[in-house]
Amino acid sequence: MSDELPRPPRRKRYAGKNPRKFEDKYKEHDPARYRDTVAKVLASGKTPAGAHIPILVAESLAALALKPGMTGVDATLGYGGHSLQILQNISPGGRLIGLDVDPLELPKTEARIRASGYDDSRFQAHRSNYAGIARAMTDHQLNAVDFVFADLGCSSMQIDDPARGFSFKVKGPLDMRMNPDRGLSAADWLAKVSMEKLAAALLQNSDEPRAETIASAIAGGRFPSTLELAQAIRESVRISDEDERERTVRRVFQAVRIAVNEEFTALDAFLRAVPTCLNPGGRIAILTFHSGEDRRVKQAFKAGVLEGIYAAASDSPITAAPEERRMNPRSTSAKLRWAIRA
Ligand SMILES: C[S@@+](CC[C@H](N)C(=O)[O-])C[C@H]1O[C@@H](n2cnc3c(N)ncnc32)[C@H](O)[C@@H]1O
């Protein structure tokens, strides 16, 4: 028997010098083997295919005031970027539970964290909606923890993979579910939704100024692919400014994604549950990416301080410094807020 590492499978041929499609970027998908390629992609301000660059890491760790031996929950495990940093800061002796609804990415992230040296006594991955954080903690024999962290929305792995159907820039099935085992795909949701319900979703989920016009054009429509929906949105608004037209498509995709994944229902339930999950003096820090999320977090923390549930909360959100925005444009809209359990 040979001791050699198994050779990677022979790659498929792609047109041109460099791979352009997500699935062809085999080097970026294997950062352990192709470190130089991944470093080059990162230096150019892009996210390597199949990865996610964690946002506001130092600021999140500071907001959580982590110490060795602490126990906590990362409610949105994703690629595990924040979790790995949290684990370093609570070691030795700490313990972290990582939640995520995504059944496709969760096992990969769990394997990555195990490969970094954290065994079952230090880290456990748990497939759960963060709305059910209290139940998930009970499953791990935890009544209350020292910190809870959440980094809301989708990961880059989800957005960039055409097969998941989140991006209006590449062709894929119009799915958008973070948990493809549950609920309706975006295509099925749009085929059933009423014009009124869709207009309300566009307004509430992404402050879309042309909500009614767009809703009357696409509600009840059949859009099997991401590109077909994007084109229908463009045609519905007839905006001559190309940038504003693309921003409109982006906002509609965001609103549909939020509706399909019932993101605000989950966030509201999570914000209600978190105080019961924290030890006195325990901390919650949440990263949001648009006004609908940020409003909810801000109001929940403010109300919590007034009711004496939280001893303190951040006054204004912490945002990414220019250098981080340049290196990772996805950090531009991020806002970090924290609160301390009374
Ligand atoms: C922005 S990513 C987190 C990235 C992570 N902090 C990192 O550094 O890799 C958000 C993650 O939250 C997950 N997610 C979204 N809504 C969720 C929910 N209601 N419950 C649990 N996980 C959720 C998504 O599947 C995604 O993996």
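The values are calculated or read from the model by the stated rules, or taken from the named source; none is laboratory data. Owing to the predicted nature of the structure, the values given are computational and were not obtained by experimental measurement. Cβ coordinates were reconstructed from backbone atoms using ideal geometry, including for glycine residues, and neighbour counts include every protein chain displayed.
Please enumerate the residues belonging to segment 170-181 that are in contact (Cβ under 8 Å) with a residue 60 or more places away in the chain and out of contact with any Pro (no Cβ under 8 Å at 6 or more places or on another chain). Correct list: Met176, Arg177, Met178. Here segment 99-110 is the region considered, the condition is being among the charged types (D, E, K, R) and either touching a residue at least 24 places away in the same chain (Cβ under 8 Å) or away from the ligand (no atom under 12 Å from the Cβ) (or both), and the residue that is surrounded by the most Cβ atoms within 10 Å (Cβ to Cβ) is Asp100. Close Cβ contacts (under 8 Å, 6 or more residues apart or on different chains) running from residues in segment 248-266 that are among the acidic types (Asp, Glu) to residues that are near the ligand (Cβ under 9 Å from one of its atoms) comprise Glu263/Leu152; Glu263/Gly153.
Please work out if Pro173 is out of contact with any His (no Cβ under 8 Å at 6 or more places or on another chain), at pLDDT 95 or above and surrounded by 15 or more Cβ atoms within 10 Å (Cβ to Cβ). Taking the combined requirement at face value, the residue satisfies it. Residues that are more than 8 Å from the ligand (Cβ to nearest atom) and among the hydrophobic types (A, V, I, L, M, F, W, C) were ranked within segment 67-83; the one that is nearest to Val101 (Cα to Cα) is Val73. Let me confirm something: among Arg238, Arg245, Arg135, Arg164, which residue is crowded, with 21+ Cβ neighbours inside 10 Å and among the basic types (Lys, Arg)? After ruling out the rest, the residue left standing is Arg164. Restricting Ala150, Ala199 to residues that are surrounded by 22 or more Cβ atoms within 10 Å (Cβ to Cβ) and either within 28 Å of Val57 (Cβ to Cβ) or free of Cβ contacts under 8 Å to residues at least 60 places away in the same chain (or both) narrows the list to Ala150.
Going by the conditions given, is Arg296 at pLDDT below 95, in the same structural domain as Val101 (by TED's automatic domain parsing) and not polar (S, T, N, Q)? When the stated conditions are applied, Arg296 does not pass them. Meeting the requirement of 1 or more residues that are within 16 Å of the ligand (Cβ to nearest atom), under 20 Å from the mean Cα position of the chain (by Cα) and within 24 Å of Gln204 (Cβ to Cβ), the strands (runs of 3 or more DSSP E) wholly within segment 263-342 are 278-288, 335-341. Quick one: would you say Gly183 is on the phi > 0 side of the Ramachandran plot and within 13 Å of the ligand (Cβ to nearest atom)? Considered against the rule, which asks whether it is on the phi > 0 side of the Ramachandran plot and within 13 Å of the ligand (Cβ to nearest atom), Gly183 comes out as yes. Looking across Ser240, Ser185, Ser206, one residue alone is outside the structural domain of Gly292 (by TED's automatic domain parsing) and free of Cβ contacts under 8 Å to residues at least 60 places away in the same chain. It is Ser240.
Please pick out the residue among Asp146, Asp188 that is away from the ligand (no atom under 16 Å from the Cβ), at pLDDT 95 or above and closer than 26 Å to Trp338 by Cα. Result: Asp146 is the single residue among Asp146, Asp188 that is away from the ligand (no atom under 16 Å from the Cβ), at pLDDT 95 or above and closer than 26 Å to Trp338 by Cα. For segment 84-98, residues that are without any contact (Cβ under 8 Å) to a residue 40 or more places away in the chain and either away from the ligand (no atom under 13 Å from the Cβ) or touching an Asp or Glu at 6+ places or on another chain (Cβ under 7 Å) (or both) total 10.
Residues of segment 133-143 that are within 14 Å of the ligand (Cβ to nearest atom), touching a residue at least 60 places away in the same chain (Cβ under 8 Å) and more than 27 Å from Ser333 (Cα to Cα): Ala134, Ala136, Met137. The set of residues from segment 85-113 being in a strand (DSSP E or B) and touching a His at 6+ places or on another chain (Cβ under 9 Å) comprises Arg95, Ile97, Gly98, Leu99, Asp100.
Looking at Phe253, is it closer than 24 Å to Lys197 by Cα and not assigned by TED's automatic domain parsing to the domain that holds Asn129? For Phe253, the condition - closer than 24 Å to Lys197 by Cα and not assigned by TED's automatic domain parsing to the domain that holds Asn129 - is met. Just checking, which of Ser91, Ser156 is surrounded by fewer than 22 Cβ atoms within 10 Å (Cβ to Cβ), at pLDDT below 95 and farther than 30 Å from Glu212 by Cβ? Among Ser91, Ser156, only Ser156 is surrounded by fewer than 22 Cβ atoms within 10 Å (Cβ to Cβ), at pLDDT below 95 and farther than 30 Å from Glu212 by Cβ. Can we say Val38 is modelled with pLDDT under 75 and within 16 Å of the ligand (Cβ to nearest atom)? Answer is yes for this residue.
Which residues, counting only those in segment 113-126, are farther than 18 Å from Asp146 by Cβ and either within 10 Å of the ligand (Cβ to nearest atom) or of a type in the set (Val, Ile, Thr) (or both)? Across segment 113-126, the qualifying residue is only Ile113.
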